[in-house]
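Data block below; observations after.
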Amino acid sequence: MKQARAGFTLVEVLVAVVVLGIGIVALAGSAGMVTRMIGRGQMGTRAAQLASQRLELLRNAAYRVTPHCSHASFASGGPVTAQGVTETWVVGAGNPATITETVTYRTANGGTHSDVFTTRIGC
């Protein structure tokens with residue numbers, strides 16, 4: 001008669017520990033990457049908000065006076081740094097006037113990233 005054996009062999013336990021260890025190392029590595037991506041997303045959102053505010057200020061300055069686009073504050077400017085984001089903007093001549101806003105911010109790895117936003121305002 002054979003006796004029933006219950007439990008795991010030593011080889012099965014070692015294989016399970018190795019597979020679990022590889023999974024934990026992969027999870028820890030991806031957690032760091034996700035943290036960096038979230039930080040960059042936050043800075044990108046902040047930069048986009050500041051650019052949107054600047055473009056809206058320029059749009060208001062353009063339409064504040066008659067003839068449009070003749071207000072003194074409707075002009076190129078920068079660099080202006082706020083909340084870790086540096087802005088520069090260029091107001092082009094013509095009708096419609098093309099405004100190019102460049103925002104630059106530092107990344108987690110010590111570099112910089114720039115985003116460019118462009119709009120047109122009828123003068």
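Here is a check on your reading of the model: is ILE99 modelled with pLDDT under 95 and among the aliphatic types (A, V, I, L, M)?
no
Of the listed requirements (1) loosely packed, with under 12 Cβ neighbours inside 10 Å; (2) in a loop (DSSP other than H, G, I, E, B); (3) modelled with pLDDT of 90 or more, MET1 misses just one: (3). Within segment 38-52, the set of residues being free of Cβ contacts under 8 Å to residues at least 60 places away in the same chain, out of contact with any strand residue (DSSP E or B) (no Cβ under 8 Å at 6 or more places or on another chain) and surrounded by 12 or more Cβ atoms within 10 Å (Cβ to Cβ) comprises just one member, GLN49.
Specify the residue that is farthest from the chain's Cα centre (by Cα); the eligible residues are those in segment 101-116 that are charged (D, E, K, R) and closer than 20 Å to GLU56 by Cα. Per the criteria, the residue is GLU101.
Within segment 64-84, residues that are exposed (fewer than 12 other Cβ atoms within 10 Å of the Cβ) sit with their Cβ atoms under 8 Å from residues that are of a type in the set (Val, Ile, Thr), at 6+ positions apart or across chains, in these pairs: PRO79/THR86; PRO79/THR88.
Going by the conditions given, is LEU55 modelled with pLDDT of 90 or more and within 30 Å of GLY111 (Cβ to Cβ)? It is true that LEU55 is modelled with pLDDT of 90 or more and within 30 Å of GLY111 (Cβ to Cβ).
The values are calculated or read from the model by the stated rules, or taken from the named source; none is laboratory data. Nothing here was measured: the structure is a model prediction, and the numbers come from that model. Note that we place each Cβ from the backbone using ideal geometry, even for glycine, and neighbour counts take in every protein chain shown.
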